[in-house]
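Trainee: Handing you a structure now.
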Ligand SMILES: N[C@@H](CCC(=O)N[C@@H](CS)C(=O)NCC(=O)O)C(=O)O
């Protein structure tokens, strides 16, 4: 059985959603990052980077970094069809994931949630947060053009790209309440009604 280390409402919500969608056995272990549990010796022994998500596999080895975990899960469970079969499709899916994690999350939402990481001057926090909102909003215009009216991020079935978009859109639509393009909001609303989404948000105490 896999173990997912997650923090409620953190980016791990996307990995939690993915594991639940896959229907593979896993247990979810909560890490309280507000109280600094990510720095506890026990968690640091799992991930010295002190971040969630972390996936612990059956042999005790761990994978960190959202794109790597998602990629490994897709490749380890080919029957779940979480990556397209062709190289073009696989590349497009990875392109969406990287944009969601590296730009929307790390460049955009990090500024909104953790402005202190970008400036030591507290009076500059509103400016940093505004820059974060602008990065996120501009990025969702790209996502809007990429997904169009598609039911999924790429192609006609759920892929690991949907798990990445699930968490950044969860933050945009439910945590920060930003205006995102209509098709992105509609896409997220469809993902949000999936039983896996309902279940994991309930487990994380977010409903
Ligand atoms: N690049 C990492 C980002 C992981 C990350 O930033 N996780 C945040 C939660 S969204 C975290 O664990 N933060 C704890 C901290 O910064 O102390 C990934 O793709 O998994």
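Since every read-out is calculated from the coordinates, none of them should be taken as a lab result. Predicted model, so just to flag it, every value in this text is computed and none were measured. Here the Cβ is made from the backbone with ideal geometry for all residues, glycine too, and neighbour counts use every protein chain on show.
Trainee: Can you give the calculated 222 nm mean residue ellipticity of the chain, where each DSSP H run of n ≥ 4 adds -39,500 (n - 2.57) and the sum is split over every residue, rounded to the nearest 500 deg cm²/dmol?
Mentor: It comes out at -14500 deg cm²/dmol, rounded to the nearest 500.
Trainee: Right, another one. How long is the range 87-194 along each principal axis, judged by its Cα atoms, biggest number first, in Å?
Mentor: Cα extents, longest axis first: 47, 28, 21 Å.
Trainee: What is the Cα centroid distance between the range 1-80 and the range 176-204, reported in whole angstrom?
Mentor: Using only Cα atoms to place each centre, the spacing works out to 20 Å.
Trainee: According to a simple spin-label model (label point 7 Å from Cα along Cα-to-Cβ), what is the distance in nm between residue 77 and residue 30?
Mentor: 2.3 nm
Trainee: Continuing with this model, one more query. Show me the ranking of peptides 173-179, 85-91, 64-70, 161-167 by mean Cβ neighbours inside 10 Å, starting with the highest.
Mentor: Top of the packing list down: 161-167, 64-70, 173-179, 85-91.
Trainee: When the chain is treated as a GNM, springs tying every alpha-carbon pair under 10 Å, which of 110, 45, 12 comes out with the largest mean-square fluctuation?
Mentor: Among 110, 45, 12, the largest mean-square fluctuation in the Gaussian network model of the chain belongs to 45.
Trainee: Hey, how much of the P(r) for the chain falls beyond 30 Å, as a percent of Cα pairs?
Mentor: That tail contains 19 percent of the Cα-Cα pairs.
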